[in-house]
Amino acid sequence: MAHNMRAMVLERPGRPLKLVRRPIPRPGPGQLLLRVKACGVCRTDLHVVDGDLPQTRLPIVPGHEVVGEVVELGEGVSGFEPGQRVGVPWLGHTCGRCRYCRMGRENLCDRPGFTGCTLDGGYADYVVADARYCFVLPDGYDDLHVAPLLCAGLIGYRSYAMVEDAERIGLYGFGAAAHIIAQVAIRQGKEIYAFTRPGDTEAQAFARKLGARWAGDSTERPPVELDGAIIYAPVGALVPAALRAVRKGGQVICAGIHMSDIPAFPYAILWGERSLRSVANLTRRDGEEFLAIAARIPIHTQVHPYPLEEANRALDDLRHGRFQGAAVLVP
């Protein structure tokens, strides 16, 4: 094995990632060393790069939809073997001791480690990861197509579980997460209503092709009252729009880690026992449940591969909505 690897590193927020060579890390106790086979590019990576997340540790290697092959096991690791394919998600470590961990709500841990934010992630040839937070991936997907399941899929699933009783579900922001969760929901007999950036007829056509009952601009009212809505776009103005679109007793879920400010809105659109919730991170149980569903359905992920050294171009294309589906870096 070589001694050095390539990594795309964020040194300062707002600056492009820098391609550097650095020593391949060694796995510590409880860790796996993985050779990265693919790494999805997520909207959260844009928030890391833009400096929107104050917890980001600098310098950092972004990337938290990591598909890797086990190269070496750290001390005390069992249940994995060299050559095995695993996935590394956003939640990379928890303390196990705080009140949230003890309550079984590890997604709210007070001292977490986040892959590609506080722990070096997958925009590199190799990465080390806490073995307890690595998932065995379903066999029916190649490396490229399984990568988006690790965040777009997992966070999408956690947000979808919050509106699972809903029959008519609105998805605001029809990107990587929405195109995955729409397939799960439609397979389960739900009606999907897709909301895109104003004028994005390509995304609307993509949503209809996947089986959405209706697709239109995020400024529009859907043709029916919704039972629930999930907001994937980081746009605070969509919160009152979604509240107006859901029926009494309906839920609006904010699925992103960061959002622009929510404008003031009249209490009348929240009244009627409508609820507004956010999604924070994920649990290992979410991962196990969702990947089992993904193995059965199967989910088609639309992916756009980029070489590792073109990570900045992939991020820019994501920012400007230049593709449908998900970007994936391939070392």
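Throughout, read-outs are computed from the coordinates displayed, never taken from laboratory work. Just so you know, these numbers come straight off a predicted model, no measurement behind them. Here the Cβ is made from the backbone with ideal geometry for all residues, glycine too, and neighbour counts use every protein chain on show.
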**Study point:** Calculated diffusion of segment 90-134, Stokes-Einstein form, Kirkwood radius summed over Cα pairs, 10 °C and 1.306 mPa s, µm²/s
**Key:** 145 µm²/s
Review point. For the chain, modelled as a GNM with alpha-carbon contacts under 10 angstrom, which of Gly79, Gly189, Gly173 fluctuates the most?
Key: Gly79
Review point. Anyone know which of Asp286, Asp143, Asp165 comes out most mobile in the 10 Å Cα GNM of the chain?
Key: Asp165
Check your understanding: Counting other Cβ atoms within 10 Å, which chymotrypsin sites (Phe, Trp or Tyr not before Pro) in segment 236-298 have at most 13 and lie in a DSSP loop?
Key -> Trp271
Review point. Can you give the relative contact order of segment 135-186 as a percent, counting alpha carbon pairs under 8 Å and 6+ residues apart?
Key: 43 percent
Check your understanding: What fraction of the Cα pairs in segment 145-185, stated in percent, has a spacing above 17 angstrom?
Key -> 20 percent
**Study point:** Helical contribution to [θ] at 222 nm, DSSP H n ≥ 4, -39,500 (n - 2.57), averaged over the chain, rounded to 500
**Key:** -6500 deg cm²/dmol
Check your understanding: Whose amide H sits under 5 Å from the amide H of Ala215, counting only residues 5 or more places off or on another chain, with H placed in the peptide plane?
Key -> Ala194
Check your understanding: Ranked highest first by average number of other Cβ atoms within 10 Å, how do 312-318, 115-121 line up?
Key -> 115-121, 312-318
Practice item. Can you grab the distance from the C-alpha centre of segment 90-116 to the C-alpha centre of segment 122-194, Å, no decimals? Key: 20 Å
Point to revise | Relative contact order (%) - criterion: Cα under 8 Å, at least six apart; region: the chain | key: 19 percent
Check your understanding: Using the Kirkwood radius built from alpha carbon pairs, what does the Stokes-Einstein equation give as D for segment 226-324 at 4 °C and 1.567 mPa s, in µm² per second?
Key -> 79 µm²/s
Practice item. With the Cα gyration tensor of segment 154-278 in hand, give its eigenvalues times 5 under a square root as the equivalent ellipsoid semi-axes, listed largest first in whole angstrom. Key: 20, 16, 14
Point to revise | Karplus-derived 3J(HN,Hα), 6.51/-1.76/1.60, for each residue of segment 157-166, Hz, glycine and proline x | key: 5, 4, 5, 5, 4, 6, 10, 4, 6, 6
Point to revise | Interchain or long-range residues, amide H under 5 Å from Lys37's placed H | key: Val67, Gly68, Glu69
Revision key, fill the gap. Once normalised by the length of segment 64-151, the mean sequence separation of its alpha carbon contacts under 8 Å that are 6 or more apart gives a contact order in percent of 35 percent
Exercise for review: Summarise the long-distance tail of P(r) for the chain by giving the % of C-alpha pairs beyond 38 Å.
Suggested key: 12 percent
Practice item. With springs connecting C-alpha atoms under 10 Å apart, model the chain as a Gaussian network and identify which of Met162, Met103, Met259 has the largest mean-square fluctuation. Key: Met103
Revision key, fill the gap. Restricting to lysines and to Cα separations under 18 Å from Lys209, and discarding same-chain partners fewer than 8 apart, the set is Lys190
Practice item. For the chain, give the share of DSSP beta bridges that are antiparallel, in percent and rounded to the nearest 5; count only bridges with both residues there. Key: 55 percent
Exercise for review: Calculate one ³J(HN,Hα) per residue across segment 296-303 by plugging θ = phi - 60° into the Karplus curve 6.51 cos²θ - 1.76 cosθ + 1.60, and present them in order as whole Hz with x for glycine and proline.
Suggested key: 7, 5, x, 8, 8, 9, 8, 10
Check your understanding: Among rounded, prolate and oblate, which fits segment 42-118 when a ≥ b ≥ c are the square roots of the eigenvalues of its C-alpha gyration tensor, a/c under 1.5 means rounded, and a/b larger than b/c means prolate?
Key -> oblate
